[in-house]
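This report concerns only the one structure given below.
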Amino acid sequence: MRLIVNGAGHDVSAPGHETLLVTLRERLSLTGTKLVCGRGECGACTVLVDGEPAYACLTLTAACDDRRITTIEGVARGDELHPLQRAFIEHDALQCGFCTPGQIMAALALLERQPHPTEDGVRRGMSGNVCRCGAYPKIVRAVLAAGEATDG
């Protein structure tokens, strides 16, 4: 099958039961997408599939044939961080950083749907992403700041 990952085409041969998470990490060496729960409960593996957030641990690679997939590796433009990535740094919206890729991917999708969300809108929109360190207030501030700084 053909996957379009971060704008580049990849011909992939994977068993029908293989998840997108395994394909990204083990076949394409894109290790920014994290495996934590493996059950769709934490959001650390969030990627965008055709612009919509998806848990890579629950998404079959076969379901992604000829679809656009964006991982955390595809967010920055070369050495220039995306405004959302800069906001996470400026607002210290991470501690251990393990959930950060999934948080950023979910926030990108949220800001695309709702460029200038309210605090409550961010909390609701990010509710599928768990931070074991408890950096939620800073994550919310970072997403709000990124929404103010960009048009989504």
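The table below gives the values:
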read-out	value
Phi to ³J(HN,Hα) by Karplus 6.51 cos²θ - 1.76 cosθ + 1.60 over the stretch 41-54, Hz, x for Gly, Pro	9, 10, x, 5, 9, 4, 10, 9, 10, 6, x, 9, x, 8
For the stretch 73-109 versus the stretch 5-54, the gap between their alpha-carbon centres in whole angstrom	17 Å
Kirkwood Rh, angstrom, the chain [1 / mean 1/r, Cα pairs]	15.4 Å
Order by protection proxy (mean Cβ within 10 Å, highest first), peptides 21-27, 100-106	100-106, 21-27
Amide hydrogen neighbours beyond the local backbone of Arg68, cut-off 5 Å, H modeled	Asp50
Filtered chymotrypsin sites (Phe, Trp or Tyr not before Pro), the stretch 32-115: DSSP coil and at most 16 other beta carbons within 10 Å	Phe98
HN-Hα J in Hz across the stretch 11-16 - Karplus 6.51, -1.76, 1.60, θ = phi - 60°, x for Gly and Pro	8, 10, 10, 9, x, x
Helix-only [θ]222 nm of the chain, DSSP H runs n ≥ 4, -39500 (n - 2.57) each, per residue, nearest 500	-8500 deg cm²/dmol
Whole-number Å³ per residue for the convex hull built on Cα positions in the stretch 83-149	67 Å³
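No lab work stands behind these numbers, since they all come straight from the coordinates. None of these values were measured; they are calculated from a predicted model. So basically every Cβ, Gly included, is an ideal-geometry build from the backbone, and we count neighbours across all protein chains shown.
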